[in-house]
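Worksheet for the structure shown next.
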Amino acid sequence: MKFGGTSVATGEKIRHVADLVAKYAGQGCGVVVVVSALDGVTDKLIEAAEQAKKGNRGYVSGFKQEILERHLAVVGGAVENKRVRAEVEQFLKATVDELEKVLTGIIYVGELTSKSRDYVLSFGERLSAPIVCGALRDLKFDAQFLTGGEVGIVTDSNFGEANPLMNLTKHQVKEKVDPLLEKGVVLVVTGYIAATQDGVTTTLGRGGSDYTATILGAALSAEVWVWTDVDGLMTSDPKIVTSAKMLSELSFQEASEMAIFGAKAMHPKALEPAMQENIAVRIRGISDPENLGTLIVKESKARLGASVKAVNLAKNVALVNVSGAVMVGAPGTAAKVFDVLGNGKINILMISQSVSEANISFVVQRNLLERAVSMLEIALLGKGLIRSVTAEDDVCVVAIVGAGMRGTPGVASRLFTAVAKKGINVRMIAQGSSELNISFVVKETDGEEAVRAVHEEFKLDKN
Ligand code: ADP
Ligand code: ASP
Ligand code: MG
């Protein structure tokens, strides 16, 4: 079971989480709990690391105090038993002292490497997991907490977006977890963080706690329940479309497409381990635990139903355009462009190329834009392989998903007519040959309106 940042934001919410876990652990089910950092803490750690790099001592000491007080207040609300509470408090204080030392080290060195940044970011989950564990001990469970590295998740050293080495991980996780579950221990594992083979802390990328949960599910052949603040995956983000409906079943492919394009802020790779091991994943709402939520399985029964199932919005993206008449009829130009990006570990969300071959457009995460543009300029512009690289960062991607779109003519025409009727200009379009997804780029300010127009056109609230 995985609980996200919003589900563990306060002491009261953590007690609710503990009650939910208790319901299943009490029936004799082996339960491994994965927790995120308290809501907003990872963002604050990023800011603190940046301020430390700039040598801002005042910020760091204020931050230390703030983070400690917030977590102590949450423990106060989450754990009643005095002895357990005192133990958790002591652990939190020692952990925050360690965080302060790390930040002070960054101040002295004046440098923030991706390795030290991951170390700083690991503190969010290292501070939340002991509180959840304390709340379970409060309910008389034999609960223990472990970091992702301690539980056996091993990754490469691609700091900030590390990749699990699944074979080794599966072996180590089973070896560590099985005996504990047999003894009746309820394990609480920090989401998002793992370690290299040398034991250096890594992170799995933003939203990575979902990924931790499926990695553990795959290693233990256990169903994964991702508890969150909505009842399941929905036809759209309910914060944008108030009439959005929950989807009771989706295939892995459909749900992955949704994750890549913004749904539930889920880690894009989170479904991979479950897909490989054919482990079912459920997305469920903590406020309505009787509701079984969205079941994600290999083949969705609901496939024959509606052609379009959901429309999502991916923000924080940017559009890059590579152009030049020299590209026309020059075989291998696209390969060179993607080679450069691949070497820079820049993931591409969407690609389109005009038939004239005079330009290639693609979409990347906005935080990687500068790196993408400068790498392309250095590698290709200088050699005259392309004429220009331009970028736009005030854009977003609207993506529609549904396995039933395959072989259903007219979906694209309805889609773009609905968007055009709202006077919204479409900057770029891509459809995978799987026909599972059509995505298009619009100005950021038009994104939500485009999503609502599509939701209405395909009557997603009625399906
Ligand atoms: P957690 O803290 O549990 O990881 P997230 O904030 O990462 O939760 O994701 C939950 C949020 O995702 C919801 O509150 C909702 O606003 C948003 N969301 C976006 N698109 C969708 C969608 N298609 N279905 C469900 N939720 C969505
Ligand atoms: N705490 C991490 C983040 O904010 C991981 C997660 O919440 O899933 O990205
Ligand atoms: Mg999340």
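The values are calculated or read from the model by the stated rules, or taken from the named source; none is laboratory data. Not measured: the values here are computed from a predicted model. Don't worry about glycine lacking a Cβ; one is built from the backbone with ideal geometry, like all the others, and counts go over all protein chains shown.
Within region 353-366, the set of residues being of a type outside the set (A, V, I, L, M, F, W, C) and at pLDDT 90 or above comprises 361, 365, 366. Can you confirm whether region 95-104 contains a residue that is surrounded by 13 or more Cβ atoms within 10 Å (Cβ to Cβ), at pLDDT 95 or above and more than 20 Å from residue 203 (Cα to Cα)? Yes. Number of residues in region 358-384 that are more than 20 Å from residue 442 (Cα to Cα) and buried (at least 19 other Cβ atoms within 10 Å of the Cβ) equals 3. Within region 19-37, the presence of at least one residue that is away from ligand 1 (no atom under 15 Å from the Cβ), closer than 17 Å to residue 188 by Cα, assigned to a loop (DSSP other than H, G, I, E, B) and aliphatic (A, V, I, L, M) is confirmed.
Looking across region 63-93, the residues that are over 24 Å from residue 7 (Cβ atoms) and more than 29 Å from the chain's Cα centre (by Cα) come down to 82, 83, 86, 90.
Of the residues making up region 217-265, those that are among the small types (Gly, Ala, Ser), more than 16 Å from ligand 2 (Cβ to nearest atom) and touching a residue at least 24 places away in the same chain (Cβ under 8 Å) are 218, 219, 221, 222, 232, 236, 243, 244, 248, 251, 255.
Restricting attention to region 218-230 and to residues that are more than 16 Å from ligand 1 (Cβ to nearest atom) and outside any loop (DSSP other than H, G, I, E, B), the residue that is surrounded by the fewest Cβ atoms within 10 Å (Cβ to Cβ) turns out to be 220.
Sort through 232, 199, 207 and tell me the only one that's of a type outside the set (Asp, Glu) and over 30 Å from residue 113 (Cβ atoms). From the options 232, 199, 207, the qualifying one is 232. For region 188-212, how many residues are more than 14 Å from ligand 3 (Cβ to nearest atom) and surrounded by fewer than 24 Cβ atoms within 10 Å (Cβ to Cβ)? Here the count works out to 7.
Residues of region 124-148 that are among the aromatic types (Phe, Trp, Tyr) and within 16 Å of ligand 2 (Cβ to nearest atom): 145 alone. Among the residues of region 279-290, those identified as away from ligand 1 (no atom under 14 Å from the Cβ) and under 14 Å from residue 213 (Cα atoms) are 279, 280.
Among the strands (runs of 3 or more DSSP E) contained in region 139-217, which hold 3 or more residues that are within 22 Å of the chain's Cα centre (by Cα) and of a type outside the set (A, V, I, L, M, F, W, C)?
201-203
Please work out if residue 317 is away from ligand 3 (no atom under 16 Å from the Cβ) and crowded, with 21+ Cβ neighbours inside 10 Å. Judged against the criteria, residue 317 is a match.
Which one is modelled with the highest pLDDT, of the residues in region 323-346 that are among the polar types (S, T, N, Q) and crowded, with 16+ Cβ neighbours inside 10 Å?
323
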